[in-house]
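Presented below is the structure to which this report refers.
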Amino acid sequence: MSVRRHPDLAARFAQAMLAVQQAARAGETTTGWIDAEVSDFVRFNRGRVRQAGTVEKARIELRLIHEGRQASFVQTLSGTAVDDCARIAAAFDELRRIVGDSEPDPHLAVSDIAVCRSTRLSTRLPDAQEVCEVVCTAAGDADLVGFYAGGPLACGFASSLGHSMWHEARPWFLDYCICSGGDKAVKVTLAEPDWRAEAVAASIARARREAALLDRPPKILAPGEYRAWLSPAALAELVGMMNWGGFSASALMSGQSPLARLKSDADRFSERVHLSDDLATGGLPRFQSDGFERPGCLGLVDAGRFAAALVSPRSAREFALQGTGATSHEVAQALSLAGGELADGDAMAALGTGVAVSNFWYLNWSDRAAGRLTGMTRFASLWVENGEPVAPLSVMRFDDSLFRLLGSQLEALGRQVHRIPDTQTYDNRSFGLTMSPGALLAGLNFTL
């Protein structure tokens, strides 16, 4: 295997971190939050390379705090120490002219416990040439569409209070579809800790076999309730809706959380449901941009009952709560649903006759306060009879309660927990991911 050699981001931006620590004058606190990446991208169309390249990017959010007031500024870093340090010094001079005109912030919170930590996770990555060869060879004459992204991803926090925190990893993902004409496709997202060419090739081969089913005439179902198997990707999308303010302390305190009934114990999930924000297993940074450390694993739902909220430093001050080191958005960044006892290979037999959902197209709350969702199926959703997939399904809409789907209708969870990464790259790559098994449901309500 060829190995892509990447720059040492910690060394590249060490002087910028030091410049932030040394920038404060008497009575001031200075902080800096760095996001940096070196990303290889390869885009595929019709099983061939459409575009390949590398993006290097880094930016820093600088904050100046003085007498309970704060002002911030975001700028790009070049990686050249002399230039970056000069621009950081100039930015703090500008912030000094601004902060005096700011109003005091009653919920301002920056950790006063100076922590020094550095975590660097090692992962085997391919170079772009190997990605191209493995994917194109495995795709053969299939219409494979998708993209690969991988490479160093880092964040760091420094302050004049003595913080020096750095996290660097080398995540990758391959997000692709095998298209079968019209709106039919098999969609797969791979994101294992290490790149293994044989595993990627096997995944594509499996997707090609599954795509052959989509050439059969589609089955049209009448509205109603059907037994269903949700793939790990489909279940991850359902579970991910809880991140829309579900565990947010601010949303819970202001009555906007879709999990308010779970928090008050008016509703519960099945005892099979154990949810956590598992940063340690996900390989995510265990600190945030106010300098607070975060637990390696925070239990959110235990045996179907609410266990903990995500409490940012600001919410902790505003509502007099115990903080959990959550980010300002108060979302789980490594939302993890524990697996169950059903082997993935036995899922169709356990389903018997019903619907196998591979992905949802989109999801939204149809009744937020009641935890009720609506959405549509997409890609390779199949009709299964006696444990055998027999036909693709036309696109269907469902509307059902999250408390019902993960409560009375949940028959089993898959044994294997899959890593479903955040694949957005609009502004930068993300550490975020969801870890989810599949789920067997006694009933999923389709409305059309």
message = Here is a list: Ala307, Ala260, Ala236. Which entry is modelled with pLDDT of 95 or more, over 20 Å from the mean Cα position of the chain (by Cα) and under 17 Å from Ala338 (Cβ atoms)?
response = Ala307
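Residue-by-condition table, conditions (1) of a type in the set (A, V, I, L, M); (2) modelled with pLDDT of 95 or more; (3) surrounded by fewer than 22 Cβ atoms within 10 Å (Cβ to Cβ); (4) closer than 30 Å to Pro223 by Cβ:
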{"position": "Asp278", "(1), (2), (3), (4)": "no, yes, no, no"}
{"position": "Asp302", "(1), (2), (3), (4)": "no, yes, yes, no"}
{"position": "Val311", "(1), (2), (3), (4)": "yes, yes, no, no"}
{"position": "Phe319", "(1), (2), (3), (4)": "no, yes, yes, no"}
{"position": "Ala338", "(1), (2), (3), (4)": "yes, yes, yes, no"}
{"position": "Ala343", "(1), (2), (3), (4)": "yes, yes, yes, no"}
{"position": "Asp346", "(1), (2), (3), (4)": "no, yes, yes, yes"}
{"position": "Val355", "(1), (2), (3), (4)": "yes, yes, no, yes"}
{"position": "Ser366", "(1), (2), (3), (4)": "no, yes, yes, yes"}
key: Arg208 under 25 Å from the mean Cα position of the chain (by Cα), outside the structural domain of Val357 (by TED's automatic domain parsing) and touching a residue at least 60 places away in the same chain (Cβ under 8 Å)   = no
query = Is segment 70-88 home to any residue that is of a type in the set (Val, Ile, Thr), buried (at least 19 other Cβ atoms within 10 Å of the Cβ) and either touching a residue at least 12 places away in the same chain (Cβ under 8 Å) or outside the structural domain of Ser328 (by TED's automatic domain parsing) (or both)?
reply = yes
ask   = Within segment 115-124, is even one residue closer than 30 Å to Cys179 by Cα, surrounded by 14 or more Cβ atoms within 10 Å (Cβ to Cβ) and out of contact with any Pro (no Cβ under 6 Å at 6 or more places or on another chain)?
value = yes
remark   = For segment 370-388, the count of residues that are in contact with a strand residue (DSSP E or B) (Cβ under 7 Å, 6 or more places away or on another chain), of a type outside the set (A, V, I, L, M, F, W, C), over 18 Å from Val188 (Cα atoms) and part of a strand (DSSP E or B) equals 3
task = Residue by residue through segment 43-63, note down the ones that are in contact with a helix residue (DSSP H, G or I) (Cβ under 7 Å, 6 or more places away or on another chain) and among the small types (Gly, Ala, Ser).
result = Gly47, Ala52
query = Counting only residues that are of a type in the set (A, V, I, L, M) and assigned to a strand (DSSP E or B), which one in segment 163-198 is surrounded by the most Cβ atoms within 10 Å (Cβ to Cβ)?
reply = Ile178
query = For Ser401, are the conditions met, namely being more than 25 Å from Phe173 (Cα to Cα), in contact with a Lys or Arg (Cβ under 6 Å, 6 or more places away or on another chain), at pLDDT 95 or above and surrounded by fewer than 21 Cβ atoms within 10 Å (Cβ to Cβ)?
reply = yes
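Each row is one residue, and each column tells you yes or no for (1) under 26 Å from Asp278 (Cβ atoms); (2) hydrophobic (A, V, I, L, M, F, W, C).
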residue: Ser336; (1), (2): yes, no
residue: Ala349; (1), (2): no, yes
residue: Thr353; (1), (2): no, no
residue: Trp361; (1), (2): no, yes
residue: Ser366; (1), (2): no, no
residue: Arg372; (1), (2): no, no
residue: Arg378; (1), (2): no, no
residue: Asp399; (1), (2): no, no
inquiry  = Residues that are in contact with a helix residue (DSSP H, G or I) (Cβ under 6 Å, 6 or more places away or on another chain) and without any contact (Cβ under 8 Å) to a residue 40 or more places away in the chain: does segment 296-305 have at least one?
reply    = yes
Identity of the residue in segment 208-232, at pLDDT 95 or above and in a helix (DSSP H, G or I), that ends up nearest to Ala307 (Cα to Cα) = Pro232
request  = Would you be able to say whether some residue in segment 272-280 is part of a loop (DSSP other than H, G, I, E, B) and of a type in the set (S, T, N, Q)?
outcome  = no
inquiry  = Considering only residues that are in a strand (DSSP E or B) and more than 18 Å from Leu108 (Cα to Cα), which ones fall in segment 284-305?
reply    = Cys297, Leu298, Gly299, Leu300, Val301, Asp302, Arg305
ask   = Out of Leu393, Leu406, Leu413, which single residue is in contact with a strand residue (DSSP E or B) (Cβ under 6 Å, 6 or more places away or on another chain), at pLDDT 95 or above and either hydrophobic (A, V, I, L, M, F, W, C) or not assigned by TED's automatic domain parsing to the domain that holds Lys263 (or both)?
value = Leu413
query = Going by the structure shown, is Leu259 in the same structural domain as Asp422 (by TED's automatic domain parsing) and under 30 Å from Pro152 (Cβ atoms)?
reply = no
ask   = What number goes with the only condition from (1) within 30 Å of Ala309 (Cβ to Cβ); (2) crowded, with 20+ Cβ neighbours inside 10 Å; (3) assigned by TED's automatic domain parsing to the domain that holds Leu18; (4) polar (S, T, N, Q) that Ser250 does not pass?
value = (3)
query = Across segment 351-366, which residue is nearest to Ala391 (Cα to Cα) among those that are part of a strand (DSSP E or B) and polar (S, T, N, Q)?
reply = Asn359
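The values are calculated or read from the model by the stated rules, or taken from the named source; none is laboratory data. The structure displayed is predicted, hence computed values, not measured ones. Ideal geometry is used to build each Cβ from the backbone, glycine not excepted, and the neighbour counts take in all protein chains shown.
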